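The values are calculated or read from the model by the stated rules, or taken from the named source; none is laboratory data. Predicted, not measured: the structure shown is a model, and the values here were computed from it. All Cβ positions, glycine included, derive from the backbone under ideal geometry; neighbour counts span all protein chains shown. When the accessible area is computed, the model is the full protein with side chains, heavy atoms only, and any ligands, DNA or RNA have been set aside. Shrake-Rupley method; radii C 1.70, N 1.55, O 1.52, S 1.80 Å.
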Amino acid sequence: MPEQRASLVALLVLALLLSGLAARYHPVATDYLRQLENHRRLAADWRKLIPERRDALLNDPAAPTAGNPNGDVPLVVFFDYNCPDCRTADLIIQQALKDDPNLKVVYKEYPGKGPGSKFAAVAALASRKQGKYEPFHHALMAARGRLSGFSILTIARQVGLDVEQLKRDMDDPAIPNALERNRALATGLYITGTPALVLGDEVIAKVPEVPTLKRLIAKEREKAKR
């Protein structure tokens, strides 16, 4: 528990003070305590904010989904196609979906400021009209280096998309509206970077390894049964 860890760290600081090493280690311990307190406050805020935004998180028709549409545990993923950690996270989430037939994933495109990031997000959402979001999404995530308009359209062609149709569909004004909703959701939940997961009433920065993610999902599943 955060409170228990904070108490242990406080005892450590006291011990350092008594041993005469405080001058060297006290700033580090104090900073860690401050981080623990900030996380405790954030966690309390999330327990209030996430239920208030549950419908927007889970039921926006513009948000692509994967896995079991009626799954008992929904996992919301905020990501950017040019984010290296998001690419690693995609492999972890794919494995979690393979191992858990009752998991539902909701994708929230949350591009950074780079032009390639936004172009990729718009193209991915536009690909839904051709029914190829998932293969296109995973192909973009598997790309090496930073994505550009040219490489994105090349990947689109490789997964079987009609590129000319995709370009027309990218002009749909509903797409920037969806991205703006995603941005507003992220801002309201203090999400400032990617990847970020929303699982239950918590936000998880950085996607954990498969065993840890599976444990967190199982924990949320048990909590939902109570």
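Which residues, taken from the stretch 187-218, are of a type in the set (S, T, N, Q), in a helix (DSSP H, G or I) and open to solvent by 80 Å² or more (accessible area, probe 1.4 Å)?
The one that is of a type in the set (S, T, N, Q), in a helix (DSSP H, G or I) and open to solvent by 80 Å² or more (accessible area, probe 1.4 Å): 187.
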Flagged in the stretch 96-106 as open to solvent by 10 Å² or more (accessible area, probe 1.4 Å), in a helix (DSSP H, G or I) and in contact with a strand residue (DSSP E or B) (Cβ under 7 Å, 6 or more places away or on another chain), in numbering order, are 97
Which condition breaks for residue 109 when tested against (1) touching a Gly at 6+ places or on another chain (Cβ under 9 Å); (2) open to solvent by less than 10 Å² (accessible area, probe 1.4 Å); (3) charged (D, E, K, R)? (1)
Among what's in the stretch 107-132 and is modelled with pLDDT under 95 and part of a loop (DSSP other than H, G, I, E, B), pick the residue that is nearest to residue 199 (Cα to Cα). 112
For the list (1) under 20 Å from residue 183 (Cα atoms); (2) crowded, with 22+ Cβ neighbours inside 10 Å, I need the number of the one condition that residue 114 fails. (2)
Output for the stretch 73-89, where each listed residue is open to solvent by 10 Å² or more (accessible area, probe 1.4 Å) and in a helix (DSSP H, G or I): 84, 85, 87, 88
Restricted to the stretch 136-164, and to residues that are touching a residue at least 24 places away in the same chain (Cβ under 8 Å) and open to solvent by 60 Å² or more (accessible area, probe 1.4 Å), which residue is nearest to residue 108 (Cα to Cα)? 142
Name every residue in the stretch 117-135 that is at negative phi, open to solvent by 10 Å² or more (accessible area, probe 1.4 Å) and without any contact (Cβ under 8 Å) to a residue 60 or more places away in the chain, in order of residue number. 119, 122, 129, 130, 132, 135
